[in-house]
């Protein structure tokens, strides 16, 4: 596709890692491959190894210190889920205006914590910029809570948040009321993208986005994953086969990702000397954009999340033909293929339930089931890049 430099896209994410950062970088690379003028920007980090069309945003030592303190405080607000009730504005309107012209630039925000506030994003829209905001979690519709779990308070402005105490209970409501007031003024120049049908439904049922366009477009992995296959594994018939199960969450201790469950399952495996090995992606040092060596070491991917949107790691596993054992909740449910993947029900989402599933696995899935899964997966994600381009074109012409 020839863009002829008529318009361009700038992607912003607080970090270059994590679900939002990786999704943004892969989309940026895919857009450039399709002839679209696109760049990715994230806060500077010593571990940030930039690829082509990727840049970093510098912060002063004072801003870094304030960001760190704010992040630490907010990480302690709830033991269950992360809250980002407030955010620093590192990206000022003045800085954005130096980077781009509102007449021909789309600003695509993926993660904005301590990069820019929600209301600053809306102010940029008032300045004439076209805005795309991808909902990688639920924070925009809850006023700060990244995952609502079974709570439906976001359908009524998150009145008296049950996860917060004291005066903090009012913060989500205050955030939503302020955002709702501003978002109504820019409804023609902002579009929300959801990587899962589940989160799109949640957003459209919220008090904030019930009257706004929320478009379902899955994340893209780029072209590299579709060119790599997981190698066949062989076992010595005289040895007891060891089931190798991969865990790909960035943090081994994350409550949302079921880190505590994984740790206890691993402990029981070791104590019982069971023929199962847990392998962690975080133990591999790899390029962010390419398939990790981790994938060639595992038979199944385990995702025991307690809340989830549309995990990149499940997309990666499916692209490589690796079956998934995952919680049947949130956006995960629409990714699982019957008879190929193994869903973890709510009743099974505990140490005993997960261990029972692992012990029940007898053999690898056959090639026919794998082919069927990949056809289904390609139908689900296949038009991601073109759908984004179509969205940008419509928005810039509006």
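Observations, loosely collected:
- Meets criteria (surrounded by 23 or more Cβ atoms within 10 Å (Cβ to Cβ), part of a loop (DSSP other than H, G, I, E, B) and assigned by TED's automatic domain parsing to the domain that holds residue 205) for residue 151: no
- Checked against (1) under 30 Å from residue 36 (Cα atoms); (2) modelled with pLDDT of 90 or more; (3) part of a helix (DSSP H, G or I), residue 379 passes all but a single condition, namely (2).
- Looking only at segment 99-144, residues that are part of a strand (DSSP E or B) and either more than 20 Å from residue 213 (Cβ to Cβ) or at pLDDT below 90 (or both) come to 1 in all.
- Of all the residues in segment 178-224, those that are touching a strand residue (DSSP E or B) at 6+ places or on another chain (Cβ under 6 Å) and either free of Cβ contacts under 8 Å to residues at least 24 places away in the same chain or not in a loop (DSSP other than H, G, I, E, B) (or both) number 13.
- Qualifying positions in segment 244-281 - in a helix (DSSP H, G or I), under 15 Å from residue 356 (Cα atoms) and touching a residue at least 24 places away in the same chain (Cβ under 8 Å): 261, 262, 264, 265, 268, 269
- Yes/no for residue 334 being more than 18 Å from the chain's Cα centre (by Cα) and over 17 Å from residue 247 (Cβ atoms): no
- Answer residue from segment 332-350, given it is touching a residue at least 40 places away in the same chain (Cβ under 8 Å) and farther than 16 Å from residue 301 by Cα and is surrounded by the fewest Cβ atoms within 10 Å (Cβ to Cβ) among those: 334
- Residue ID - nearest to residue 47 (Cα to Cα), chosen from residues in segment 242-254 that are modelled with pLDDT of 90 or more and buried (at least 16 other Cβ atoms within 10 Å of the Cβ): 248
- Within segment 288-301, one or more residues are touching a strand residue (DSSP E or B) at 6+ places or on another chain (Cβ under 9 Å), surrounded by 17 or more Cβ atoms within 10 Å (Cβ to Cβ) and assigned to a loop (DSSP other than H, G, I, E, B).
The values are calculated or read from the model by the stated rules, or taken from the named source; none is laboratory data. Nothing here was measured: the structure is a model prediction, and the numbers come from that model. Every residue, glycine among them, receives a Cβ derived from its backbone with ideal geometry; neighbour counts consider all protein chains shown.
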